Amino acid sequence: MEDNTKNSRRKFLDKGLKIGIATAIGSIGLSKITGKLNAKNEKASGEKMELMTTDGTIIEVDASEVMEVQHSHDHDTKYNLREGMPNRKFVMVIDLAKCKNALKCQQACNKHHYITGEHAWLKVYKMQEEEDTAPYWMPTTCMHCDHPACVTVCPVDATFKRRDGLVLIDNDRCIGCRFCMAACPYSTRVFNWKEPEYGEEAEVMLNMHHADEKYNSIEYTGMPSKIGTVDKCDFCPHMIHKNELPHCVTACPNGVFYFGDKYEDTVTNGAETLRLSKLLKDKNGYRLMEGLGTKPSVFYLPPVDRLVDFEEGLNFYTNYNSVNKSEY
Amino acid sequence: MLINRSVFLALVGCFLYTVMFNSVYAQQDEKNTVRFKAYYTKIMDSISYFNVTVFSRIDKENVDVANAELTFYNEVGDEEFELGTAKTNMNGECKFVLDNLNKIKPDSTNTYNINIKFKGNDAFKRASKSLSFKDATILAKLITKDSINYISGTLKDTSTDSVLSDRLLNVQVQRLFRNLRIGEEFNTTDEDGTIIVPVEEGIPGVDGILTFEVVLQDSEDYGTVRALVKAPIGTPIKDESTFDERTMWSPRNKTPLFLLIFPNLLILGIWGIIVYLIINLFKISKSKIQ
Amino acid sequence: MEVSKKLVNDLAPQKFGKKGVIWTTSLIIISIAGIIAYIDQVRKGQIVTNMNDYALWGIYISNFVFFVATSFVGAVTVAILRLTKNSWRTPIVRIAEIISVAAIIMAGITIMIDMGRPDRLLNLFIHARMQSPITWDVIIIPTSIAVCLLLLYFPLLPDFAILKNYFSETKPKLSKWYGKLSMNWTGSEKQKSIQLKSIHIVALLTIPVGFMLQTVDAWLFSTLFRVGWDSTNLGAYFISGAAVAGIGALVAVIYIVRRANHLEEYITEFHFDKLGKFLVLVCLIYLYFNINEYVIPEFTSKKEELTHLNHLYSGQFAPLFWFVNIGGLIIPIIVLLFKKGRKPLTMFFIALLVVVGSWWKRFLIVTPTLLLPFLPVQGVPESWHHYFPSFHEWIITLATLAMALLIITVLVRYLPVIPIQRTADEQELLKKEEKSNQ
């Protein structure tokens, strides 16, 4: 009796294993074939893309008819995205003497990065160290520190420091533990607590970006933001790539932000171009929380000889709001 | 009676006439007018190009016109030769490159005349713009005197080969985003059409090589002319990044050695003991002899 | 060694009465509610919590720290008492090991609830960076689970063999399971020598592993710049706090189990007295560290430290702070210093106070610091200046606590809560000693 049962059991297992392997191989093969078929079909039918014309209407256009934008090839555009552009170290100088809390920098950054949370990437703080000291407006971006506390504590290498000084986030790798947010002393990182809601316009723009593979890279992280991951100011590598200044620099009407390459010892705010070392020496540039040893890449010029009163900036000051959702 | 009729016919005629014209105007009114901004730039010993921005004034705002096809013509005397086309990008800008000025012919006054035409499309009317310029040359070079470096530039009108004095030239060193100015803001060419500007010490550059530009910016008759000089007088750039070192903020392939060795030894040691203990469990299970 | 029938009768796991069934059912209901709430969280994102960019860690993390702290009880009672040759520990070690196992398993589960992208859990292993304190945590928690399980399992082997025999007629299926788990234990010399050696090794191993677990947990905070966390004190602080939480939990669970299983003969007032003294000792050590953390910075009165301390002394967290320190620490110390305070029932209530105080203490460590960053909190909604957990967070947290209690309940139901063989051996030894003394 036992032998019979053993035999039948064996036979059953044997059959079952054979069928199982055959199914597995079959299904893998099938899925690969169907995958290839689908790919073929896509190319034959011609991908349609949604575009917005300059007068605001949305049209559907065959992908082949869309012309590629001419990019500047004056500098080396091929580099490992986790390593960064060679021979560059990006720094920013923020002139506190000129900031009037116009908040155009914040609006431009919010708009071009499709920021949907409650917390802007660029914050302009109302600072006053002590009652007797003068108040001033202080814009803060990510400091892209040279000894970044956030990168040190990331358990999965989702945030990384590049050779060109930028600290970026790979939001396909981020597990949302928020340890980097706890580590950052400058409170510059934000978290996507819910599914980011883009307006219709932003959706169209993002779909366009995704159609072009070039945009699906780490340099465009944060665009789009993903739920359950961390975002922060990225010094706009997608703009640097095109030899253009970050959005906050160009948007500021008062020329507060200077941006440039420390190795070239030159920074510019779009209108003025100056030597970095001279600027820092003449105006006594400093860095925030220097004592923490984070070695930030953002320098501040002290708020002296101000042209406009601090109080004028209070008109734009909103304590409980930094992202205007109505823009989308 | 007759007068009435003719008046009536005249009125009808007027009515029809205006209706016809209205419909024509209506069609034309739907399209917006378009304006151009066009600039000519020449780079010495290299290409020349036109930067054209096409925009339209809609609702009191300037709106960029994208995907507008522009045709460039070289007007010589009464004839027009087509040079080529360019299409504007999302920002309404386009660049049309001439490899060589020999491709176009000047008129009798040695002035090059270029016409830019836009045929118009469904949304915009046709338009055109003319651009005229003469060819100028800048000879730029590096001069070292008494161990001080100078950049000199001489401005000439190419066709007459005569120097142009009392013109403003800018001298800059090429940098990312915007070039850094060397010397004064305004350098006026002297009787020999020359400027000479000292270069300060310690400008950094990749491998110590700096590219200087002497520029005649946006002149009415010559456009923009740019001369480049490469000079190895900069201080070489040193890559100070910690990317290649083993640091606490490096990716995992560059973990500090201490963190690689010590924790892994600990883990191996402890798990080795745990595995030994689990083996002991099996040993107990196997040795059931009393 | 023959084990007396009476002993086995007393110590064998008993079926649950009505109270036990109600208790277990309620725990299961709470756990299910938590799972449903968690699924909702995964679908909608962590917006269902009340966490924000400033209070970026809330009760999920403080609950996790609490579980890690409570799991220290295994190392403390089993290993330290063993090394210091406190032989009275025999009846309580099994319960201590059970609590350790339950707590450390729930710690591993609880931390995953806080992840924003739990679908990317494997990244923690594939892309792990050794430089990150979280990676150290990811390594030490499974290690602790393995060690705690082994610490529980080895002494159980002879007990499983005894129970197999005990249930062989009344409950044959159960008896078969006990038989399988006993690893063919027959009490032979060879088996005993392997077992005793293994117990000795694992008990020794528990100490460094337990200390490392608590220290890594502390380093999750003290490797950061934040005021209140950036303290050289934190490693030792967490170790002593873990001892307090662990022993408090131990006393509470022992009291309940003793009453439910009628074990008054084995866990006597003497044991409570000893445990009470032990608890006072660790509370005093913890009090010392608390003074270093919360009183001494007033001396230099650095601005940041002062703001942080005032936040606790008189700000939005004041009621909680005083409850935790007076109710959870000072009152227990005072009560337990007196012999009357170390009676079983009194100790049960004190232990409950200690455990609840410990749980809220961890909350006070995690969130108040986060609400006071270096740069001012501006440009964010008013609600972001405070933090109180949301409904989802409460349900999920209660569910994790319920699951921990559920694990303890199941283990108490099926395992002998007092080591049978060992008790028998000790009784034999005592008898022999008495005989030789006579």
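Please treat every number below as a calculation from the coordinates, not as lab data. Please read all numbers here as calculations on a predicted model, not as lab measurements. Positions of Cβ are generated from backbone atoms using ideal geometry, with glycine treated the same way; all protein chains shown enter the neighbour counts.
If we count every other residue with Cβ under 14 angstrom of C:Glu434's Cβ, Lys/Arg +1 and Asp/Glu -1, where does the sum land? That sum, taken over residues with Cβ under 14 Å, equals 0. Peptides A:154-164, C:124-134 ranked from most to least packed, by the mean per-residue count of other Cβ atoms within 10 Å: A:154-164, C:124-134.
A Cβ-based charge dipole, computed about the Cα centre of the protein assembly as shown with Lys and Arg at +1 and Asp and Glu at -1, lands at about 7240 debye. Placing a pseudo-label 7 Å from each Cα along the Cα-to-Cβ vector at C:Tyr313 and B:Ser128 gives an inter-label distance of 8.6 nm. In whole angstrom, note down how far apart the Cα centers of the range B:232-290 and the range B:103-148 are. Between the Cα centre of the range B:232-290 and that of the range B:103-148, the gap is 65 Å. Taking chain B as a Gaussian network, Cα atoms linked when under 10 Å apart, which of B:Lys254, B:Lys134, B:Lys156 shows the biggest mean-square fluctuation? In this elastic network of chain B, the residue with the biggest mean-square fluctuation among B:Lys254, B:Lys134, B:Lys156 is B:Lys254.
A straight Cα-to-Cα reach below 23 Å connects A:Lys226 with the lysines A:Lys111, A:Lys123, A:Lys161, A:Lys194, A:Lys214, A:Lys325, C:Lys44, residues fewer than 8 places away in its own chain not being considered. Other residues within the sphere of radius under 15 Å centred on the Cβ of C:Pro381, judged by their own Cβ, net out at 0 (K and R +1, D and E -1). When the charge dipole of the protein assembly as shown is built from unit charges on Cβ atoms (+1 for Lys and Arg, -1 for Asp and Glu) and taken about the Cα centre, the candidate among C:Ser358, C:Ala252, B:Gly202 whose Cα reaches farthest toward its positive end is C:Ala252. For the protein assembly as shown, the spherically averaged projection of the C-alpha convex hull amounts to 69.4 nm². Across chain C, the fraction of Cα-Cα pairs farther apart than 31 Å, rounded to a whole number, is 44%.
If r is the Cβ-Cβ distance from A:Asn315 to C:Glu304 and R0 is 35 Å, what FRET efficiency results, to the nearest 0.05? Efficiency, from the Cβ-Cβ distance: 0.65.
With respect to chain B, whose longest principal axis is taken over its alpha-carbon atoms, helix B:257-286 is tilted by about 50°.
Size estimate for the range C:1-140 follows the Kirkwood approach: the inverse of mean 1/r over distinct Cα pairs works out to 18.8 Å. The value of relative contact order for the range A:90-327, using C-alpha pairs under 8 Å at least six residues apart, is 33 percent.
What the Kirkwood sum gives for the range B:18-156 is a hydrodynamic radius of 17.6 Å, with every pair of different alpha carbons counted. Summary value for the range B:57-122: 38 percent relative contact order, contacts being C-alpha pairs under 8 angstrom separated by 6+ residues.
The mean number of Cβ atoms from other chains found within 10 Å of a Cβ in peptide C:378-386 is 6, as a whole number. Charged side chains reduced to their Cβ positions (Lys and Arg at +1, Asp and Glu at -1) give the range B:136-235 a dipole of some 480 debye around its Cα centre. Give, as a single signed number, the net charge of other residues whose beta carbon lies under 13 Å from the beta carbon of B:Thr158, with Lys and Arg counted +1 and Asp and Glu -1. Charge balance in the 13 Å sphere: -2. Helix C:420-437 sits at what angle to the longest principal axis of chain C, using alpha carbons and giving 0 to 90 degrees rounded to 10? The two axes meet at around 60 degrees.
To the nearest ten degrees, helix C:234-260 and the longest principal axis of the Cα atoms of chain C are 50 degrees apart. Residue by residue along C:370-376, Cβ atoms of other protein chains within 10 Å of the local Cβ number 5 on average. Cross-link pairs exceeding 19 Å between alpha carbons, from the set C:Lys15/C:Lys173; A:Lys262/B:Lys95; C:Lys339/C:Lys431: A:Lys262/B:Lys95; C:Lys339/C:Lys431.
Computed over the Cα atoms of the range A:90-327, pair by distinct pair, the Kirkwood hydrodynamic radius stands at 18.5 angstrom.
Highest-first packing order for the peptide set A:166-173, C:244-251, C:379-386 is C:244-251, A:166-173, C:379-386, based on the mean count of other beta carbon atoms within 10 Å. Of all lysines in the structure, the ones whose alpha carbon falls short of 19 Å from that of B:Lys283, not counting any fewer than 8 places away in one chain, are C:Lys180, C:Lys190, C:Lys192, C:Lys197. Take every DSSP beta bridge whose two residues both sit in the protein assembly as shown; close to 90 percent of them are antiparallel. Across peptide C:48-54, the mean count of Cβ atoms from other chains lying within 10 Å of each residue's own Cβ comes to 4. Applying a DSSP loop filter and a limit of 14 other Cβ atoms within 10 Å to the trypsin sites (Lys or Arg not before Pro) in the range C:253-352 leaves C:Lys302, C:Lys339.
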